[in-house]
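Asker: The following block contains the structure, expressed as structure tokens.
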Amino acid sequence: MQDIDITQIVAALIGLLSVLVTSVIVPLIRTKLTNVQWETVKNYALAGVQAAEIIFDAQGKGEEKLEWVSSYIESQCKKHGIKIDMDTIRIAIENAWKDLGLDTKHRTKEAV
């Protein structure tokens, strides 16, 4: 029976773990927003949605509003060193829209 050299197995496991940490875990941590950053993004979204409602004061301009607010949030985040993806921006916009009561405003218009 051959003796298995545990040192080589441990070294291989350490190498595998270091690759896993540097390629998966570190990028994941870097993409997550802190609570302060999320609050900042929410404020950008609220300001952007309010401005878009004034700038694009017409029905049927939803896509234009969304693009404008997305661009606004993205540029503000870039200026302040906040890394953010488009899915997160969209969630912030939807939350701002609901927080401002615009979802109920549109529902009542549709019901009339």
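The values are calculated or read from the model by the stated rules, or taken from the named source; none is laboratory data. Here the structure is a predicted model, which is why all the values come from computation and not from measurement. Here the Cβ positions follow ideal geometry from the backbone for every residue, glycine too, while neighbour counts run over all protein chains shown.
Asker: May I ask you to verify whether SER75 is of a type in the set (Ser, Thr, Tyr) and surrounded by fewer than 17 Cβ atoms within 10 Å (Cβ to Cβ)?
Answerer: On the way: of a type in the set (Ser, Thr, Tyr): yes; surrounded by fewer than 17 Cβ atoms within 10 Å (Cβ to Cβ): yes.
For SER75, the condition - of a type in the set (Ser, Thr, Tyr) and surrounded by fewer than 17 Cβ atoms within 10 Å (Cβ to Cβ) - is met.
Asker: Hey, another quick one. Tally up the residues in segment 83-95 that are over 17 Å from ASN35 (Cβ atoms) and either without any contact (Cβ under 8 Å) to a residue 12 or more places away in the chain or assigned to a helix (DSSP H, G or I) (or both), please. Talk me through it step by step, then tell me what you get.
Answerer: From segment 83-95, those over 17 Å from ASN35 (Cβ atoms) are 85-87, 89-90, 93-94; that's our starting set.
Checking the rest, the ones that are also either without any contact (Cβ under 8 Å) to a residue 12 or more places away in the chain or assigned to a helix (DSSP H, G or I) (or both) come to 86-87, 89-90, 93-94.
Looking only at that region, the number is 6.
Asker: Report the residue count in segment 51-82 for those that are among the polar types (S, T, N, Q) and farther than 16 Å from TRP38 by Cα. Before you say what the answer is, go through the steps one by one.
Answerer: First, pick out the residues of segment 51-82 that are among the polar types (S, T, N, Q): 59, 70-71, 75-76.
Now restrict to residues that are farther than 16 Å from TRP38 by Cα: 59, 71.
Qualifying residue count, segment 51-82: 2.
Asker: Here is a list: ALA58, ALA47. Which entry is modelled with pLDDT of 85 or more and either closer than 21 Å to LEU100 by Cα or surrounded by 12 or more Cβ atoms within 10 Å (Cβ to Cβ) (or both)? Write out each step before concluding.
Answerer: Numbers: ALA58 fails: modelled with pLDDT of 85 or more.
None of the other options fit; the residue is ALA47.
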